[in-house]
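Colleague: Submitted below is the structure of interest, expressed as structure tokens.
The values are calculated or read from the model by the stated rules, or taken from the named source; none is laboratory data. Remember, predicted model here, so these are calculated numbers, not experimental data. Here Cβ is always computed from backbone atoms with ideal geometry, including for glycine, and neighbour counts include all displayed protein chains.
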Amino acid sequence: MIQHIIILLLFIAAAAYIVRMLYATFSSKADGCAKSCGACGGIDFKKIEQEMERRKQTALPKV
């Protein structure tokens, strides 16, 4: 009987974890990836492109 209770508690914990991960994925309001891991932090590709262009212009020799 105790084994069934332990297995039931483990199953409920696993199901709650999956539900929480799905909720975090679909309720993401930030731009970027929807994984909700926080690794990308909403990368601004336009800003990166502008910075690269600016650096390229300053690195070119003036003719």
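Colleague: Which count do you get for residues in segment 27-52 that are modelled with pLDDT of 75 or more and either surrounded by 10 or more Cβ atoms within 10 Å (Cβ to Cβ) or aromatic (Phe, Trp, Tyr) (or both)?
Modeller: Going through segment 27-52 one residue at a time, the tally reaches 6.
Colleague: Taking interchain pairs and intrachain pairs at least six residues apart, which have beta carbon atoms under 8 angstrom, with the first residue in segment 1-26 and modelled with pLDDT under 95 and the second surrounded by 10 or more Cβ atoms within 10 Å (Cβ to Cβ)?
Modeller: Note: pairs meeting the criteria are Met21/Ser36; Ala24/Ser36; Thr25/Ala34; Thr25/Lys35; Thr25/Ser36; Phe26/Ala34.
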